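Please read the structure below before turning to the comments.
The values are calculated or read from the model by the stated rules, or taken from the named source; none is laboratory data. Because the structure is a prediction, the values reported are computed rather than measured. Positions of Cβ are generated from backbone atoms using ideal geometry, with glycine treated the same way; all protein chains shown enter the neighbour counts. For accessibility, only protein heavy atoms count, side chains too; no ligands or nucleic acids. Shrake-Rupley method; radii C 1.70, N 1.55, O 1.52, S 1.80 Å.
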Amino acid sequence: MRVVAIADADSFVKWSAALIDSAPSVDPHLLLVQTPLVVSVAQEHAALAGTGIRPEAVTRVGHDDIAEWLSRDRPDVVVIGGRGPFVRLVMRQIDRVTPRPVVVSGLPGVSIPAQRGAALYRRHCDLMVIHSRREHRAFTQLADRLGITLPLGLATLPFARPAHESAGGTDLVFAAQAIVPREPEERRALAEILRAAALADPSRRVVLKLRSRPELGETETHFERTELTDLLRDRPDNLVFSHEPMSRALETAEGLVTVSSTAAIEAMAMGVPVIALTTFGVSKSHLNTVFIGSGVQGDAADVIARRFRHPHPAWLADNYFHDPSESTWWSDVERLVELRRREALPPRFVPIARGGALHEAWQRKAVLGAEDRTLTGAVAFAVGTPLVWSILTARKVLGRRGAESWFDSDSDITVTTARYQDPIVRPRRSVLATVID
């Protein structure tokens, strides 16, 4: 079966490549689309580490070349790995392809809380892949609340397979995140925690695991406004920066620390103990409510003392470590492919955007940034910028007035957004940073 993954940003490249590599008896190919977030060659190699995808099975294309490339390649299945607006834009290209492939999408890691945008942007895919029993419940409930049809397929996280356990090491590995915590004062406090952990034992390393090198023009899925590396220019010798693949960093780890990174799941799979840092709070805005009841939560003192923990078995079974026999995603894909071959799979076309051509031009510009050189994109940008900011401001005000929001901690779903999420396009690229449905 011919399976092609289409992605741009680092975490989505890693996820989609590992997912198609985990499928049995497939001929995999990876299509990297040129956007402001596209991985560098070094990031590409790090993302593909541990997969069987060969360099010659990777192709870089422009957005406008996707439909033509797919029409020539004629894959059975396309897996789209990208942020919601990217998924929608790629699906519009797939709508032009005959015969139409089965379209699969998903999220690259921990997806609790289940977010409104994640579901709405992917509702026209034939299958959305999720990675735990808990996520299945949350997205099922969310789709019901939104009144949409959202076919779900359960998988294990493809890069968190317990194939190789760590032999044990001495490094404290911190999995950095660009937007968690978000506020500058919180990121300064985080830098001081790492500094204190290094000073507490100069004989053991503290490794700040990073995912991009901005000085080389590399980007990642989210924009880091207050960079930890800038806050740690003056640091102990045993506090080091690393850009190696996470799987390799964990090979020398005594334990992993994070606020909410999916690297925690990768560490658990390797038998590496974890601290899910609670110093900055436990809330949907920090994307760390998933760790409640896990047994791995800890504060700054625990990090400095290296009091790492292993998760509770019951939590593992409900969160990312279900029995692999429960995973349905590939059998779901095979069923969809069989329907497609019998011409019995109705296409799930992306409808025309509200606002027509101008709105669609705006959506394209928001994803492609400077890669979109169309006049309509420039016009849409000029007209849409004031409108977008007014919408974002209104949403923030509504959130503060008590609408269902990130701060409603009673469920695993979010329906409205009190604190709007990170931009699609990096502000330094001079393109408006928003996500508009």
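For this structure, a couple of remarks:
- Conditions (1) open to solvent by less than 10 Å² (accessible area, probe 1.4 Å); (2) under 27 Å from Arg204 (Cα atoms); (3) not acidic (Asp, Glu); number of the one not met by Ile112: (2)
- Pairs with Cβ under 9 Å, 6+ apart, first in region 295-317 and closer than 20 Å to His131 by Cα and at pLDDT 95 or above, second among the small types (Gly, Ala, Ser) and in a strand (DSSP E or B): Val296/Ala276
- Selected residue [open to solvent by 30 Å² or more (accessible area, probe 1.4 Å) and not basic (Lys, Arg)] from Pro99, Pro85: Pro99
- Single unsatisfied condition, Gly52 versus (1) open to solvent by 30 Å² or more (accessible area, probe 1.4 Å); (2) under 27 Å from Leu339 (Cβ atoms): (2)
Residues checked against (1) of a type in the set (Asp, Glu); (2) touching a Lys or Arg at 6+ places or on another chain (Cβ under 6 Å):
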| site | (1), (2) |
| --- | --- |
| Pro85 | no, no |
| Val97 | no, no |
| Arg100 | no, no |
| Pro108 | no, no |
| Gly117 | no, no |
| Tyr121 | no, yes |
| Asp126 | yes, no |
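- Entry remark, region 167-196: residues being in a loop (DSSP other than H, G, I, E, B) and hydrophobic (A, V, I, L, M, F, W, C) number 5 in total.
- Filter result for Arg74 (among the charged types (D, E, K, R), closer than 18 Å to Asp10 by Cβ and open to solvent by 50 Å² or more (accessible area, probe 1.4 Å)): no
- Residues of region 193-218 that are more than 17 Å from Pro181 (Cα to Cα), aliphatic (A, V, I, L, M) and either open to solvent by 40 Å² or more (accessible area, probe 1.4 Å) or modelled with pLDDT under 95 (or both): Leu199, Ala200, Leu216.
- Inter-residue pairs, beta-carbon under 9 Å, first over 29 Å from Met268 (Cα atoms) and in region 144-158, second of a type in the set (Phe, Trp, Tyr) and at pLDDT 95 or above, 6+ apart: Leu150/Phe139
- The number of residues in region 256-283 being in contact (Cβ under 8 Å) with a residue 24 or more places away in the chain and on the phi > 0 side of the Ramachandran plot comes to 1.
- Residues (farther than 15 Å from Ala269 by Cα and not in a loop (DSSP other than H, G, I, E, B)) located in region 291-313: Phe291, Gln297, Gly298, Ala300, Ala301, Asp302, Val303, Ile304, Ala305
- Scanning region 146-175 for residues that are modelled with pLDDT under 90 and loosely packed, with under 15 Cβ neighbours inside 10 Å turns up Pro162, Ala163, His164, Glu165, Ala167, Gly168.
- Against the conditions (1) open to solvent by less than 10 Å² (accessible area, probe 1.4 Å); (2) touching a Leu at 6+ places or on another chain (Cβ under 6 Å), Ser132 satisfies every one except (2).
- Odd one out for Gln93 among (1) open to solvent by 10 Å² or more (accessible area, probe 1.4 Å); (2) more than 17 Å from the chain's Cα centre (by Cα); (3) farther than 23 Å from Gly369 by Cα: (3)
- All strands (runs of 3 or more DSSP E) inside region 226-288 with 2 or more residues being buried (at least 20 other Cβ atoms within 10 Å of the Cβ): 253-258, 274-277
- Of residues in region 352-367 being closer than 18 Å to Phe86 by Cα and assigned to a loop (DSSP other than H, G, I, E, B), the one most open to solvent (accessible area, probe 1.4 Å): Arg354
- Evaluation of Ser331 against (1) under 25 Å from Asp21 (Cβ atoms); (2) crowded, with 18+ Cβ neighbours inside 10 Å (one fails), failing number: (2)
- Restricting attention to region 335-351, the residues being open to solvent by 90 Å² or more (accessible area, probe 1.4 Å) and under 26 Å from the mean Cα position of the chain (by Cα) number 1.
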